[in-house]
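The values are calculated or read from the model by the stated rules, or taken from the named source; none is laboratory data. None of these values were measured; they are calculated from a predicted model. Side chains are part of the model used for accessible areas, which takes the heavy atoms of the whole protein and leaves out ligands, DNA and RNA. Shrake-Rupley method; radii C 1.70, N 1.55, O 1.52, S 1.80 Å.
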Amino acid sequence: MRTGLLFILFFAAGLIANAQTAQPETISIGIKIPMKSEFLHKERSVWISLPEGYNQYTKTAYPVIYVLDAENNFNYLSSVYHYLSKEPFGILPQAILVAIANTSRTRDLTPTKATKEMNFAGKKQTMFTESGGNETFMKFIAGELYPYIEKNYRSNGYKVLVGHSFGGLTAVNNLLSEPFFNAYIANDPSLWWDHELMVRKAEKTTADFKNIKFFLAQANNAEARNVKDDEHEIAIGKFKTLLEKQQLKNLQWNYGFYQNDDHGTVPLPGNNDGLRFIFKSSKWNFREALKNPALITQHYQDISKDLNHSFKPTELFFSKVINIAKERGTPDAVKELEKLQKQKLFLPIIK
């Protein structure tokens with residue numbers, strides 16, 4: 001009995017000693033890259049998150065999700081996206097996330113110079129004095145950031161812009177001005193800006209938005225602020241009405257109202273639903289492919305048709321599905337899957 005007790009004590013002491021000497025490991029969700037911009041005349045910080053298997057499997061190309069307000073959106077969105085795109089169970093395609101940190105948010109994310117007088121503690125203050133630099137900021141994205149990502153990362157060319165508040169205003173402005181992205185998510189966008197400038201632009205547009213997807217998220221701000229029908233809600237309502245009247249010709253759009261979220265929290269559910277809407281054709285029951293591997297080719301043909309862009313299965317997808325087929329003891333499926341794998345369906349398009 002005494003010997004057994006001594007053994008337990010020595011064993012426990014060993015565990016404690018190991019725990020005390022073990023080195024902690026860093027959990028990394030991405031990297032920050034400093035970029036010098038000739039357009040902005042400043043260095044900008046770009047935050048990048050790569051999908052699982054990116055460095056292991058080097059022949060797969062991915063869509064790119066561009067995210068504004070990196071400080072607020074990068075950490076949670078990269079984690080959520082990794083979870084929802086996990087091969088082979090994910091409902092979203094694996095993607096590269098690229099987020100841009102702010103230096104002067106009002107300047108970069110507003111399209112015109114438009115100050116506003118507001119009362120604080122009985123004193124008038126002029127707000128947004130540095131506004132109106134969005135055109136230059138978009139030149140940075142289109143002329144510097146986008147070429148950098150395309151050159152240094154394996155993009156398949158499909159790109160999404162995600163914005164919130166002034167960032168949502170930026171998304172709508174780019175959509176209405178010269179669409180540079182395949183899809184947009186605007187979370188509670190500040191469409192009140194400059195006397196509803198975006199509403200007026202939408203009313204006048206004759207452009208064809210074929211093959212572009214757009215998701216509009218609206219928060220329940222009236223309840224949070226105890227104010228009904230303020231300029232923010234009125235402007236979003238007018239823009240939504242224009243969407244319903246199909247003023248933006250051939251635009252594929254959807255809308256979500258979030259009863260339990262205010263302006264500050266709406267990006268989380270809005271981005272979740274927006275990405276699901278954009279990539280809705282990506283959702284499928286991959287288990288059927290274990291019975292009939294030919295469904296893989298058909299599935300990615302359907303995605304490509306829906307998004308008007310070539311999408312292919314990843315190398316990681318084949319690796320995991322083949323392992324599942326082996327575990328289930330389905331040798332015929334393994335042979336068919338390996339045959340498809342050898343056809344290299346995952347190879348990126350030559351740009």
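Filter LYS86/LYS283; LYS86/LYS151; LYS42/LYS201; LYS124/LYS201; LYS280/LYS344 down to the pairs with a C-alpha to C-alpha distance above 22 Å, please. Please list the in-between numbers first.
Values: LYS86/LYS283 12 Å; LYS86/LYS151 25 Å; LYS42/LYS201 30 Å; LYS124/LYS201 30 Å; LYS280/LYS344 25 Å.
Too far apart for the 22 Å limit: LYS86/LYS151; LYS42/LYS201; LYS124/LYS201; LYS280/LYS344.
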For this session: Normalising by the residue count of region 231-351, find the relative contact order in percent from Cα pairs under 8 Å and 6+ residues apart.
Result: 17 percent
For this session: For LYS123, go through the lysines and keep the ones whose alpha-carbon is under 27 Å away, minus same-chain ones fewer than eight residues off.
Result: LYS113, LYS228
Seminar exercise, completed: For TYR158, other-chain or 5+-apart residues with amide H closer than 5 Å (H placed, Pro excluded) are VAL64
For this session: Could you please put TRP192, TRP284 in sequence from largest to smallest accessible area, using a 1.4 Å probe?
Result: TRP284, TRP192
Problem set entry | Long-range HN-HN contacts of HIS164 with modeled amide H, under 5 Å | ASN187
Problem set entry | For region 200-253 and region 262-336, distance of Cα centres in Å | 31 Å
Exercise. Straight-line reach from LYS204: which aspartates and glutamates have a Cα under 15 Å away, not including same-chain ones fewer than 8 places off?
Worked result: GLU178, GLU196
Exercise. Roughly to the nearest percent, how much of the accessible area of region 140-267 is carbon and sulfur, given a 1.4 Å probe?
Worked result: 45 percent
Exercise. Tell me, what is the 1.4 Å probe accessible area of VAL321, in Å² to the nearest 10?
Worked result: 0 Å²
Problem set entry | Degrees, to the nearest 10: 331-342 long Cα axis against longest axis of the chain | 50 degrees
Seminar exercise, completed: Restricted to pairs 8 or more residues apart or on different chains, the lysines in region 299-342 with C-alpha atoms under 21 Å apart form a number of pairs equal to 10
Exercise. At a probe size of 1.4 Å, how large is the accessible area of THR115, to the nearest 10 Å²?
Worked result: 80 Å²
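Determine the relative contact order of the chain: mean sequence separation of Cα pairs under 8 Å and six or more apart, normalised by residue count, in whole percent.
Working: 576 pairs, mean separation 52.4, N = 351.
Result for the chain is 15 percent.
Measuring with a 1.4 Å probe in the full set of protein chains, what accessible area per residue, in whole Å², belongs to the chain? Let's see the in-between values first.
Numbers: 18560 Å² over 351 residues.
Solvent-accessible surface per residue comes out at 53 Å².
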Seminar exercise, completed: With Cα coordinates, the longest principal axis of the chain makes an angle with the long axis of helix 70-84, in degrees rounded to 10, of 40 degrees
Exercise. For helix 231-244, what angle does its Cα long axis make with the longest principal axis of the chain, in degrees from 0 to 90 and rounded to 10?
Worked result: 70 degrees
